[in-house]
Amino acid sequence: MKFRSTLGQAPMVGFCEALLQGIAPDGGLYVPERFPSVQLTDFADARTPAQVGAIMLAPFARGSELEASLPVICQEAFSFPIPLKRIPSDSGPLHVLELFHGPTAAFKDVGARFLAACFERLNSKQQAPLTILVATSGDTGGAVAAAFHGRANTRVVVLFPKGLVSGRQEKQLCCWGDNVLSLRVNGNFDDCQRMVKEAFADTGLNQSVRLSSANSINLGRLLPQAVYYAAASLNYWRGSGEKLNFVIPTGNLGNGQACVWARTMGFPIGKIVFATNENRPIPDYLETGNWSPGASIATLASAMDVGNPSNMERLRDLLPGVELMREAVSAYPVSDEEIRRQISRDEVARGETWCPHTATAAHVYDGFSDSDKAQSWALVATAHPAKFETIVEPLVGHPVEIPDALARLLDLPTHLSDIEPDLEALINALK
Ligand SMILES: *Cc1c(COP(=O)(O)O)cnc(C)c1O
């Protein structure tokens, strides 16, 4: 399969080139030249995400260097459970799709692990390691570092702003060592992003170091995310004969996009609803038809603080015009006050402790009409509440138990270097 740029000004590329390039040379995002339609009978023996992924993603990797390794890559990416858990409801069947059982306790582990498994293999014949540069304000850097740690032929360099990530997040970024270099930048997140951009543009550096990125617009992170929606909907449909509807906490629209892609391919997915925080360009677009991204607003659901969701370009490419998009998806904003109330209330009412992101989905569900609630729904839980303990614990009135995988990371020694916010400091650290 070939992939084209959403801007249409760059040549089509194969699967591996799309992964390695991240963004197309014209500045557009890579999308499949067409979506394969699946036959559900092909999945008769597939139950786990790893099994579903090996079949579902095969058309995308066909003809590429990674085609034969795809089943093993899927096993490496989906090495932890992704349960669809039934929870109490007064209406139709309600579930939580828990995406937080990976090493860094957020859904970003899936995409990061898939990409790392691909990059290790793509680089195996090269002498020099591939250096992955990531600027992070929290979850992404930890997931990418965890995914690439110990992988041959690769090195990860994480840049994060000093004093602007939580204590537990900093620990997740700095507990690795070996092929992970953690750089604490004496600046803010914009400085970190600018340094990464400048590094990619620096000719001298690119001659001595092979650079690549792992940010959330990379196709190698989106495609595996479609797999857990496919697997969950397939298993649900087998058991009940019903389509599963999803409410998805949404920021940059990578996770939500992946669900739309899975439904486009023919998996038994019903409605798709995005829950955002006060950063509301997506709900505003669906309401008014005007796309007006803005600066990001800081909220309690900080991993969704995106004022200009870059993956919207892909969704508009698939569903041109607001009418088509309104038929396909809906989106509702949730305020910080509503997030707080939802976390406190559901601790008692549903016996569930939500992270602030997942709470947006629960809030949006509670606002549905009775006829909508009568259908089968899954709230998508994007992170474990223990990652956001300073917000969640005062609201629920007790300590949140830390999952074992996360607890292990918090006990490891710290490896980090402090650097100034300029390219020269980054180049020195890379050498
Ligand atoms: C990244 C993230 C989101 C937002 O996902 P997008 O793909 O950017 O829409 C939601 N919740 C958590 C916990 C995240 O880390």
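Test E98 against the stated conditions and say whether it is over 30 Å from W237 (Cβ atoms) and charged (D, E, K, R). Taking the combined requirement at face value, the residue does not satisfy it.
Being of a type outside the set (A, V, I, L, M, F, W, C), closer than 25 Å to N245 by Cβ, away from the ligand (no atom under 16 Å from the Cβ) and in a loop (DSSP other than H, G, I, E, B) is a condition met by no residue of the range 49-72. If you filter the range 218-268 down to residues that are within 10 Å of the ligand (Cβ to nearest atom) and β-branched (V, I, T), you find that the one that is nearest to A24 (Cα to Cα) is T250. Of the helices (runs of 4 or more DSSP H) entirely within the range 356-431, those holding at least 3 residues that are closer than 16 Å to I343 by Cβ occupy 356-366, 389-396. Number of residues in the range 305-340 that are over 22 Å from C259 (Cβ atoms) and either of a type in the set (A, V, I, L, M, F, W, C) or free of Cβ contacts under 8 Å to residues at least 12 places away in the same chain (or both): the value is 1. Of all residues in the range 269-313, those being away from the ligand (no atom under 16 Å from the Cβ) and under 17 Å from the mean Cα position of the chain (by Cα) number 0.
Looking at this structure, is R4 outside any helix (DSSP H, G or I), surrounded by 15 or more Cβ atoms within 10 Å (Cβ to Cβ) and charged (D, E, K, R)? For R4, the condition - outside any helix (DSSP H, G or I), surrounded by 15 or more Cβ atoms within 10 Å (Cβ to Cβ) and charged (D, E, K, R) - is met.
For the range 162-180, the condition holds for at least one residue, the condition being that it is buried (at least 23 other Cβ atoms within 10 Å of the Cβ), assigned to a helix (DSSP H, G or I) and of a type outside the set (A, V, I, L, M, F, W, C). Residue under question is V38, and the condition is that it be in contact (Cβ under 8 Å) with a residue 60 or more places away in the chain, crowded, with 18+ Cβ neighbours inside 10 Å and of a type in the set (V, I, T); does it hold? So V38 fits the description; yes. Suppose we keep only residues that are among the polar types (S, T, N, Q) and assigned to a helix (DSSP H, G or I) within the range 308-355. Which one would you say is farthest from L223 (Cα to Cα)? Ranking the qualifying residues of the range 308-355, first place goes to S344. Could you tell me whether S302 is within 23 Å of Q169 (Cβ to Cβ), surrounded by fewer than 18 Cβ atoms within 10 Å (Cβ to Cβ) and in contact (Cβ under 8 Å) with a residue 60 or more places away in the chain? Against the criterion (within 23 Å of Q169 (Cβ to Cβ), surrounded by fewer than 18 Cβ atoms within 10 Å (Cβ to Cβ) and in contact (Cβ under 8 Å) with a residue 60 or more places away in the chain), S302 does not qualify. Filtering the range 376-431 to residues that are within 16 Å of the ligand (Cβ to nearest atom), among the charged types (D, E, K, R) and under 19 Å from V96 (Cβ atoms) leaves only K387.
Residues that are touching a Pro at 6+ places or on another chain (Cβ under 6 Å) and in contact (Cβ under 8 Å) with a residue 40 or more places away in the chain within the range 41-81 comprise P59, A77, F78, listed in sequence order. The lone criterion from (1) within 16 Å of the ligand (Cβ to nearest atom); (2) in contact with a Ser or Thr (Cβ under 7 Å, 6 or more places away or on another chain); (3) touching a residue at least 60 places away in the same chain (Cβ under 8 Å); (4) not polar (S, T, N, Q) left unmet by G92 is number (1).
Values quoted throughout were computed directly from the atomic coordinates according to the rules given, and no laboratory measurement underlies them. Source: prediction; values computed, not measured. Positions of Cβ are generated from backbone atoms using ideal geometry, with glycine treated the same way; all protein chains shown enter the neighbour counts.
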